[in-house]
1. Looking at 67, 94, which one is open to solvent by 70 Å² or more (accessible area, probe 1.4 Å), modelled with pLDDT under 85 and among the small types (Gly, Ala, Ser)?
2. Across region 207-229, what is the total count of residues that are open to solvent by less than 40 Å² (accessible area, probe 1.4 Å), in contact (Cβ under 8 Å) with a residue 60 or more places away in the chain and outside any helix (DSSP H, G or I)?
3. Within region 122-148, how many residues turn out to be touching a residue at least 40 places away in the same chain (Cβ under 8 Å), closer than 15 Å to residue 368 by Cα and assigned to a helix (DSSP H, G or I)?
4. Determine which single condition residue 83 fails, assuming it passes every other condition in (1) closer than 30 Å to residue 114 by Cβ; (2) of a type in the set (A, V, I, L, M); (3) open to solvent by less than 50 Å² (accessible area, probe 1.4 Å); (4) modelled with pLDDT of 80 or more.
5. Go through region 164-182 and give me each residue that's surrounded by fewer than 24 Cβ atoms within 10 Å (Cβ to Cβ) and part of a helix (DSSP H, G or I).
6. Can you go through 232, 251 and tell me which one is surrounded by fewer than 23 Cβ atoms within 10 Å (Cβ to Cβ) and of a type in the set (Val, Ile, Thr)?
7. Just wondering, is there one or more residues in region 258-268 that are open to solvent by less than 50 Å² (accessible area, probe 1.4 Å) and within 24 Å of residue 188 (Cα to Cα)?
8. Could you check region 311-333 and list, in sequence order, the residues that are in contact with a Phe, Trp or Tyr (Cβ under 8 Å, 6 or more places away or on another chain) and either open to solvent by 40 Å² or more (accessible area, probe 1.4 Å) or over 19 Å from residue 162 (Cβ atoms) (or both)?
Amino acid sequence: MGYQRLRAGAIGTWAAIGGTGFGVGPVVGGVLLTFFGWSSVFWANIPFAAVAITLTLIAVPESRNPSSRRLDLLGVAFSALGLVGLTLGLIEASSHPWTSIAVLGPLLVGAALLVCFVHWERRTAEPMIPPALLAARSFVSASGVYLVSYAAFGAFMYYLTLLYQDVNGWSPLKTGLSWLFMNVPFLLMAQLTGRIDRRHPPARVVSTGCLVAAIGIFVLSRADATSPFVHTALGYVLAGIGFGTIVPGVTHIAMRDVPAGVSGAGSGVVNASRQLGTSIGLAVLGSIGVTASTSHWHNAIHRLPASAHVAASAQTQNVAGAHISAVTHALGPAYRHTAIQSFVQGFHLALGIAAALVLAAAITALLGFRKPATASDVLIP
């Protein structure tokens, strides 16, 4: 029991430190973009990497697993290239028909490579994902919750940035500062969740966090270019509280039933599911939003004279990508309102689906995080 408390506290501290970077990052990024240009965002990573390497060399003790496995290079290649193919195909779907070679080709190749990955993992002696991980129900459920919730997270942050910077004309710095309404609650809840986990069932804690996050994203999905910022701030606060509860709670549960010998692989898979969810969420929900915006724009301009229709159709990608200034520059200010309406249609649909995804994550947590009953749990009369 003491070990469980220490681990819960450590995971809460880890999430809180991550939340600090999560809160500071957008603000620092806004400053860099405002004063030094976009390339500075990448150059700024060099000193952070140097500090991380130095701290690792100084503070992290060396350890070796006596039963360590060889690196599954073929499994890594199959999984990485398969995911690249799927992501590329989904991204291209926002600007090409689903039946085009640019979309269908990468999707089919990616799917085939992932099938090869599954087949290889079943027959190799030292798979990249040990079978013991897949046998732990809480681990599989936690990875699923992470993937689905971060798919929603990546999508709503992307669309909110487009709304405020490209539609409303906010600066990167102002946009970054506005995220503090989400990042501060995230930081506070990440630190508190470790204590909450000790008093309440983990399934209840994480599902509640998912529910609060889903409500927050739904509130954000109702925003538009004319909404007062207090509307968005409320959604940010709720999303921050929800995700600040989800992150440490899911990480704790994911590692709860993982055998010690495969804990390294387990933590790697959990973190990979988060990154994978972000990329897939951006690709899938972005494609859905683009399709909705494009459809609304085409319906709005289909009655225009032939010459005007051709010019307006040429701006379809700018409308879907929230480049409203480019649309008005090409077509005139009379088209601004219609262009914004079309973008907002996709914005509402994508964020509405994102909220539903986090709600599905709540259900997954409720069903998947419950520990199976053991003989000691049964009262025999």
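The values are calculated or read from the model by the stated rules, or taken from the named source; none is laboratory data. Keep in mind the model is a prediction, meaning the values are calculated, not measured. Positions of Cβ are generated from backbone atoms using ideal geometry, with glycine treated the same way; all protein chains shown enter the neighbour counts. To get the accessible areas, we keep the full protein, side chains included, count just its heavy atoms, and leave off ligands, DNA and RNA. Shrake-Rupley method; radii C 1.70, N 1.55, O 1.52, S 1.80 Å.
1. Values: 94 fails: open to solvent by 70 Å² or more (accessible area, probe 1.4 Å).
Of 67, 94, the one residue that is open to solvent by 70 Å² or more (accessible area, probe 1.4 Å), modelled with pLDDT under 85 and among the small types (Gly, Ala, Ser) is 67.
2. 2
3. Here is the first cut: in region 122-148, the residues touching a residue at least 40 places away in the same chain (Cβ under 8 Å) are 124, 126-130, 132-133, 136-148.
Filter once more, so that each one left must be closer than 15 Å to residue 368 by Cα: 133, 136-148.
Add one more test, that the residue is assigned to a helix (DSSP H, G or I), and what stays is 133, 137-148.
Number satisfying all stated conditions: 13.
4. All conditions are met except number (3).
5. Taking region 164-182 and keeping what is surrounded by fewer than 24 Cβ atoms within 10 Å (Cβ to Cβ), we get 164-175, 177-181.
Within region 164-182, 164, 165, 166, 167, 172, 173, 174, 175, 177, 178, 180, 181 qualify.
6. Working: 251 fails: surrounded by fewer than 23 Cβ atoms within 10 Å (Cβ to Cβ).
Going through 232, 251 in turn, just one is surrounded by fewer than 23 Cβ atoms within 10 Å (Cβ to Cβ) and of a type in the set (Val, Ile, Thr): 232.
7. Yes, region 258-268 has at least one match.
8. If the condition is that a residue be in contact with a Phe, Trp or Tyr (Cβ under 8 Å, 6 or more places away or on another chain) and either open to solvent by 40 Å² or more (accessible area, probe 1.4 Å) or over 19 Å from residue 162 (Cβ atoms) (or both), then 312 is the only one that fits.
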